[in-house]
1. Has the stretch 100-120 got any residue that is within 23 Å of R333 (Cα to Cα), among the charged types (D, E, K, R) and under 18 Å from the mean Cα position of the chain (by Cα)?
2. Collect the residues in the stretch 233-250 that are touching a Gly at 6+ places or on another chain (Cβ under 9 Å) and exposed (fewer than 15 other Cβ atoms within 10 Å of the Cβ), keeping them in residue-number order.
3. Restricting attention to the stretch 49-87, which residues are modelled with pLDDT of 95 or more and in a loop (DSSP other than H, G, I, E, B)?
4. Does S275 count as more than 27 Å from A17 (Cβ to Cβ) and either in a strand (DSSP E or B) or within 16 Å of the ligand (Cβ to nearest atom) (or both)?
5. Which residues, taken from the stretch 163-176, are in contact with a strand residue (DSSP E or B) (Cβ under 6 Å, 6 or more places away or on another chain) and within 10 Å of the ligand (Cβ to nearest atom)?
6. Identify the single condition in (1) away from the ligand (no atom under 16 Å from the Cβ); (2) touching a residue at least 40 places away in the same chain (Cβ under 8 Å); (3) not hydroxyl-bearing (S, T, Y) that A220 does not satisfy, given that it satisfies every other one.
7. If a residue has to be within 18 Å of C173 (Cβ to Cβ) and either within 15 Å of the ligand (Cβ to nearest atom) or charged (D, E, K, R) (or both) to count, how many in the stretch 12-35 make the cut?
8. Checking the structure you have, find out if any residue of the stretch 144-162 is within 12 Å of the ligand (Cβ to nearest atom), under 18 Å from A75 (Cβ atoms) and of a type in the set (S, T, Y).
Amino acid sequence: MSTTLDTTPSDDLGVPAARRRSAELERSIRERPGRFRALTGDRPTGRLHLGHYFGTLHNRVRLQNLGVDMMVLVADYQVLTDRDVADRLADHVEDLVLDYMAAGIDPDRATIFTHSAIPALNQLLLPFLSLVSVAELGRNPTVKDEIAHSRQSAVSGLMFTYPVHQAADILFCKAGLVPVGQDQLPHLEVARTVARRFNSRYGTASNPVFPEPEALLSAAPLLLGTDGAKMSKSRGNAIALAATADETARLIRGAKTDADRHITYDPVARPEVSSLVLLAALCLDRDPHDVAAEIGGRGAAALKAAVTDAVNDHFAPIRARRAELARDRAHIRRVLRDGNERAGAIADATLREVRAAMNSLY
Ligand code: TRP
């Protein structure tokens, strides 16, 4: 981010501090993973792509496998922040669950659930809204950015307040860890503020109701889409986790490169070529400089062939598992029903505590 005269300290979203804290947290997690509960989620708006996989999915599976108690939210109400109607919602929800499970989220160890099935989570929104001011909501940089890019003619109340709803997503299960990307840091600040204010208004110092959740920034490599812009489902430049080997080959063949035939890894000067190199390196678990050096003067066509092979080899077992799971939709719905039941019991218990703290248990 450039430093211009009007750059305020909050413009870096506290990223360097969050990075340092995340490294400390990683050490504590490795020591005693069972002490931690983590919550993350996605909006069900379509299939996940390789950017999601290497950015967050992979990290969630790692935490689950270390023994962290993982809560994975399919944030269906949050779909309605920037559109009037959630199209094909049930399909998108099932696709998301399939992507999770194919990538290695194990419903016997992790809890996969949806907003709309957890009334007590949603009810927390009401007291939480009383803890933040309209001015604070209006300053959230991620929401400001989303409003600026929204194609809707009017900003809905849900768009304006969803970070508070997201605080309920995190606090209903008292998650201490929220593995997220940088853009979510302002929302995490809202959750921490809500927890702190609730505790000071309704709790006792020795017995706070909510822990303050912390961001766990993943060292997410930035994968660009095939057009050189950020990989995103809405831009049509993404390779889906569930893409076939042929589709993958076609998408990579069409990817943007540059005029320099000699392949190098230089993300600043050569973003498109470097993103392809990085994608191969991530799939092969190798250093991107080595991958680039190996291709060297053989040019973009050789690079694309190598990337295609690396992606298709790495994702073959994941895609096979996804296809297998997709054959039994009843099983997917059962996974969600179980997850919703577990999350619902946790939310009911927290809401009871909240009502007791607020003197509203009648
Ligand atoms: N806002 C997140 C995104 O767009 C999704 C999300 C909803 C989330 N609730 C959450 C992420 C709670 C972390 C914690 O990616």
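The values are calculated or read from the model by the stated rules, or taken from the named source; none is laboratory data. A quick note: this is a predicted structure, and the numbers were derived from the prediction, not measured. Positions of Cβ are generated from backbone atoms using ideal geometry, with glycine treated the same way; all protein chains shown enter the neighbour counts.
1. Of the residues in the stretch 100-120, the ones within 23 Å of R333 (Cα to Cα) are 100-120.
Next cut, among the charged types (D, E, K, R) only: 106, 108-109.
After this cut, where a residue has to be under 18 Å from the mean Cα position of the chain (by Cα) as well, the list is 106.
There is at least one residue in the stretch 100-120 that is within 23 Å of R333 (Cα to Cα), among the charged types (D, E, K, R) and under 18 Å from the mean Cα position of the chain (by Cα).
2. From the stretch 233-250, those touching a Gly at 6+ places or on another chain (Cβ under 9 Å) are 233-240; that's our starting set.
Within the stretch 233-250, S234, R235, G236 meet the criteria.
3. Result: G67, V68, A75, D76.
4. Numbers: more than 27 Å from A17 (Cβ to Cβ): yes; either in a strand (DSSP E or B) or within 16 Å of the ligand (Cβ to nearest atom) (or both): no.
Taking the combined requirement at face value, the residue does not satisfy it.
5. D169, I170, A175
6. In the conditions (1) away from the ligand (no atom under 16 Å from the Cβ); (2) touching a residue at least 40 places away in the same chain (Cβ under 8 Å); (3) not hydroxyl-bearing (S, T, Y), A220 misses (1) alone.
7. Within the stretch 12-35, the subset within 18 Å of C173 (Cβ to Cβ) is 25, 29, 33-35.
Applying the additional criterion that residues be either within 15 Å of the ligand (Cβ to nearest atom) or charged (D, E, K, R) (or both) yields 35.
The total comes to 1.
8. Looking through the stretch 144-162, at least one residue is within 12 Å of the ligand (Cβ to nearest atom), under 18 Å from A75 (Cβ atoms) and of a type in the set (S, T, Y).
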